Amino acid sequence: MGRWVKVAAADTVAEGAPRAVAVDGWEVALWRVGDAFYATDDLCSHAEASLSEGEQVGYRIICPRHGGQFDMRTGQALRFPAAAPIATFPVRVQDGALWIELPE
Ligand code: FES
C-alpha cells in the first residue's frame, strides 16, 4: 500500500497537454483522456527523455527522443526502441485536485 499525494489542480492538465510534476523524488507525467486522468513516470525507459514533452494520441504516449511508445494506462511499451515498461501510478480526483498513489 502506498501513500496518496496531492500533485496538481485537475484543470491544469488537458488532453494533449500533459504536465510534469516533481514529487518526493519522482518525476511524474500527468495525462488526461476525456474526463479520466493517468499518471506515469515522466522519464522514458529507453534513455533520457521527458515523456510529457512528447505527443499524446489517445492513451498512447510517443517519446519525443526516439519515438518509442507507451500505453499510459498500463505503462506497457508499445513500440521500439522502448521495450521496458514505465511506472504508472493510481490517480484520483478529489475537490478538483489530482492525487496520485506513490509506492512506499
Ligand atoms: S528516449 Fe524514449 S524512445 Fe529513446
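Here are the numbers:
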| read-out | value |
| --- | --- |
| Magnitude of the charge dipole, the chain, Cβ model with Lys/Arg +1 and Asp/Glu -1, debye to 20 | 200 |
| HN-Hα J in Hz across the range 71-77 - Karplus 6.51, -1.76, 1.60, θ = phi - 60°, x for Gly and Pro | 8, 5, 6, 10, x, 4, 6 |
| Amide H contacts under 5 Å for VAL23, placed H, 5+ residues apart | VAL28 |
| Spatial separation of Cα centroids for the range 32-72 and the range 11-29, in angstrom | 11 |
| Peptides ranked, highest mean first, by Cβ atoms within 10 Å: ranges 37-49, 81-93, 15-27 | 37-49, 81-93, 15-27 |
| Relative contact order, percent, the range 24-104 [alpha-carbon distance under 8 Å, six or more residues apart] | 23 |
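Bear in mind these aren't lab numbers, they're just calculated from the coordinates by the rules spelled out. If you're wondering where the values come from, they're calculated on a predicted model, not measured in any experiment. Because the Cβ atoms are built from the backbone with ideal geometry, glycine has one as well, and the counts that use them run over all protein chains shown.
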